[in-house]
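> Structure below; questions to follow.
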Amino acid sequence: MKGLLLAGGHGTRLRPLTYTGNKHMLPIANKPMLLYGLEHLRNAGIKDIGVVLGPIRESVVETLGDGSKFGVKLTYINQPEPLGLAHAVKISEKFMARDSFVMYLGDNLLKQGVAGFVDTFKRKELDCLVGVYPVKEPSRFGIAEMKGHKLVRLVEKPKKPKSNLALIGVYVFGPSIFSAVKKIKPSWRNELEITDAIQHLLSAGKKVEAEKVEGWWKDTGRPEDLLEANQLVLADIRSSAGDLLPLGVKVSGHVSLGKETKFSGQASLLGPIIIGENCRIGPDVRLGPYTSIQDGCQLRDVEIENSIIMKDSTIEGAQRIVDSLVGSNSTILGGNRSLHRGYKFVLGERSFVQV
């Protein structure tokens with residue numbers, strides 16, 4: 001069995017964070033989100049993986065290389081325009097060479113991994129297996145309509161949903177999917193919809209089933225989704241600070257600390273939080289909970305809660321920052337400390353803000 005990891009598209013809903021980089025490389029708990037999917041495929045025993053890339057590809061190729069450092073073999077597949085998930089399948093036919101495969105959307109996070117889906121697909125000798133998960137806003141997703149445990153219909157972003165079971169970003173396909181994607185037509189979005197292709201398999205009498213996800217699943221299409229995904233991953237971290245923290249640093253909860261990160265003066269760390277390598281923290285810093293600080297950041301005289309601060313950023317005297325996404329190499333400088341307020345930012349790479 002092979003893997004297909006999708007990392008294309010323009011990431012327009014995540015701008016300004018995606019003006020200069022691929023959305024799949026945005027960090028969740030200090031790790032590019034694309035790596036979660038790659039590791040799930042590898043842990044399911046899948047070592048031959050195609051990566052579908054759009055026009056913003058440099059950071060992905062630079063990070064993943066040929067896959068050898070992750071224990072897999074990677075083949076890059078070019079998708080110049082985001083013409084739909086079924087189009088991504090269509091252009092991957094040559095790579096698959098009639099093998100079954102797992103398609104994993106690189107901007108999705110899934111606690112349970114994909115090994116269970118692979119086992120079900122093989123054990124039942126299916127043509128297609130989809131994962132489903134109950135959601136609050138089903139009109140934002142492809143939706144699975146069920147009769148008991150039987151999958152009867154799939155609808156892409158229905159205006160009046162008849163189900164709250166969203167298709168998650170993990171699919172297991174047999175080779176019959178390639179004939180299906182060739183027979184469907186573009187939707188009103190001018191995309192080849194994977195829901196239409198799977199519906200074609202259903203209508204043709206192929207063995208298609210849905211399996212509910214265990215644990216959590218998160219699609220990270222919007223800034224607020226990134227923060228929630230960060231919370232979900234951080235909730236499972238364990239402390240790794242050890243004896244690296246000086247006496248002036250107060251710690252509560254789980255804190256993961258990178259190498260060569262230094263503290264000066266008083267600081268308070270309220271976990272779960274993760275701090276990368278070569279950071280300079282303090283004095284008068286309060287971090288957490290649910291905060292990720294990437295490598296090379298400098299923080300002084302600031303409180304940060306439920307936020308993602310990307311690499312090589314500087315924040316000083318900025319009072320209280322909450323629910324924020326700060327792009328790499330950004331600077332935030334504070335002003336009047338007498339004001340008791342919380343600032344919320346969504347900043348792209350190399351931004352400068354003075355408050």
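The values are calculated or read from the model by the stated rules, or taken from the named source; none is laboratory data. Note that this is a predicted model, so its numbers are computed, not measured. With ideal geometry, Cβ positions are generated from the backbone for all residues, glycine too; neighbour counts draw on all protein chains shown.
> Quick check on region 151-181: of everything there that is closer than 14 Å to A210 by Cβ and β-branched (V, I, T), which residue is surrounded by the fewest Cβ atoms within 10 Å (Cβ to Cβ)?
V152
> Which numbered condition in (1) assigned by TED's automatic domain parsing to the domain that holds E156; (2) more than 19 Å from the chain's Cα centre (by Cα); (3) over 29 Å from V89 (Cβ atoms) is the only one that L227 fails?
(2)
> While we're looking at this one, here's another question. Looking at K218, is it of a type outside the set (S, T, N, Q), in contact with a helix residue (DSSP H, G or I) (Cβ under 8 Å, 6 or more places away or on another chain) and modelled with pLDDT under 90?
On the way: of a type outside the set (S, T, N, Q): yes; in contact with a helix residue (DSSP H, G or I) (Cβ under 8 Å, 6 or more places away or on another chain): yes; modelled with pLDDT under 90: yes.
Here the answer is yes, as K218 does meet what is asked.
> Please determine whether any residue of region 70-79 is surrounded by 13 or more Cβ atoms within 10 Å (Cβ to Cβ), outside any strand (DSSP E or B) and either among the charged types (D, E, K, R) or outside the structural domain of E58 (by TED's automatic domain parsing) (or both).
No, that holds for no residue.
> Going by the conditions given, is D66 surrounded by fewer than 15 Cβ atoms within 10 Å (Cβ to Cβ), in a loop (DSSP other than H, G, I, E, B), free of Cβ contacts under 8 Å to residues at least 24 places away in the same chain and not assigned by TED's automatic domain parsing to the domain that holds E277?
yes
> From the list R337, R320, which residue is assigned to a loop (DSSP other than H, G, I, E, B) and at pLDDT below 95?
None of the other options fit; the residue is R337.
> Going by the structure shown, is L234 out of contact with any helix residue (DSSP H, G or I) (no Cβ under 6 Å at 6 or more places or on another chain) and more than 29 Å from Y104 (Cα to Cα)? Give the derivation first.
On the way: out of contact with any helix residue (DSSP H, G or I) (no Cβ under 6 Å at 6 or more places or on another chain): yes; more than 29 Å from Y104 (Cα to Cα): no.
Spelling it out, it is not the case that L234 is out of contact with any helix residue (DSSP H, G or I) (no Cβ under 6 Å at 6 or more places or on another chain) and more than 29 Å from Y104 (Cα to Cα).
> Looking at region 117-128, is at least one residue in a strand (DSSP E or B), surrounded by fewer than 18 Cβ atoms within 10 Å (Cβ to Cβ) and of a type in the set (A, V, I, L, M, F, W, C)?
Looking for residues that are in a strand (DSSP E or B), surrounded by fewer than 18 Cβ atoms within 10 Å (Cβ to Cβ) and of a type in the set (A, V, I, L, M, F, W, C), one finds none in region 117-128, hence no.
> Between a first residue in region 142-171 that is assigned by TED's automatic domain parsing to the domain that holds G205 and at positive phi and a second residue that is part of a strand (DSSP E or B) and at pLDDT 85 or above, which pairs have beta carbons less than 9 Å apart while being 6 or more apart in sequence or on different chains?
Going by the 9 Å Cβ cut-off, the qualifying pairs are K157/G142; K157/I143.
> So, of the residues in region 183-198 that are out of contact with any helix residue (DSSP H, G or I) (no Cβ under 7 Å at 6 or more places or on another chain) and basic (K, R), which turns out to be surrounded by the most Cβ atoms within 10 Å (Cβ to Cβ)?
By that ranking, first place goes to R189.
> I want to confirm something. Restricting to region 83-94 and keeping residues that are crowded, with 19+ Cβ neighbours inside 10 Å and outside any helix (DSSP H, G or I), which single residue is modelled with the highest pLDDT?
S92
> Here's a follow-up. Would region 20-34 turn up any residue that is closer than 15 Å to N78 by Cβ and either in contact with a Leu (Cβ under 7 Å, 6 or more places away or on another chain) or at pLDDT 95 or above (or both)?
Among the residues of region 20-34, not one is closer than 15 Å to N78 by Cβ and either in contact with a Leu (Cβ under 7 Å, 6 or more places away or on another chain) or at pLDDT 95 or above (or both), which makes the answer no.
> Something else: Tell me, yes or no, whether region 275-290 has at least one residue that is farther than 29 Å from A115 by Cβ, at pLDDT 95 or above, hydroxyl-bearing (S, T, Y) and under 24 Å from the mean Cα position of the chain (by Cα).
no
> Confirm whether H254 is under 26 Å from the mean Cα position of the chain (by Cα) and either of a type outside the set (A, V, I, L, M) or at pLDDT 95 or above (or both).
For H254, the condition - under 26 Å from the mean Cα position of the chain (by Cα) and either of a type outside the set (A, V, I, L, M) or at pLDDT 95 or above (or both) - is met.
> Residue check: is A97 surrounded by fewer than 14 Cβ atoms within 10 Å (Cβ to Cβ), assigned by TED's automatic domain parsing to the domain that holds I194, within 14 Å of M1 (Cβ to Cβ) and small (G, A, S)?
yes
> Please indicate, with yes or no, whether at least one residue in region 306-318 is within 19 Å of V251 (Cα to Cα), in contact (Cβ under 8 Å) with a residue 24 or more places away in the chain and in contact with an Asp or Glu (Cβ under 8 Å, 6 or more places away or on another chain).
The answer is yes; a qualifying residue exists.
> Take the residues in region 31-79 that are of a type in the set (S, T, N, Q) and more than 18 Å from the chain's Cα centre (by Cα), then tell me which one is nearest to I274 (Cα to Cα). Step through it out loud before you land on a result.
Just the residues of region 31-79 that are of a type in the set (S, T, N, Q), to begin with: 43, 59, 63, 68, 75, 78-79.
Applying the additional criterion that residues be more than 18 Å from the chain's Cα centre (by Cα) yields 68, 75, 78-79.
On the way: S68: 27, T75: 32, N78: 34, Q79: 34 Å.
Looking at residues that are of a type in the set (S, T, N, Q) and more than 18 Å from the chain's Cα centre (by Cα), I get S68.
> Identify, please: which residue in region 35-63 is in a helix (DSSP H, G or I) and among the acidic types (D, E) and is, among those, modelled with the lowest pLDDT?
Checked region 35-63; the qualifying residue modelled with the lowest pLDDT is E58.
> Right, P134: in contact with a Gly (Cβ under 8 Å, 6 or more places away or on another chain), assigned by TED's automatic domain parsing to the domain that holds W216 and surrounded by fewer than 16 Cβ atoms within 10 Å (Cβ to Cβ) or not?
It is false that P134 is in contact with a Gly (Cβ under 8 Å, 6 or more places away or on another chain), assigned by TED's automatic domain parsing to the domain that holds W216 and surrounded by fewer than 16 Cβ atoms within 10 Å (Cβ to Cβ).
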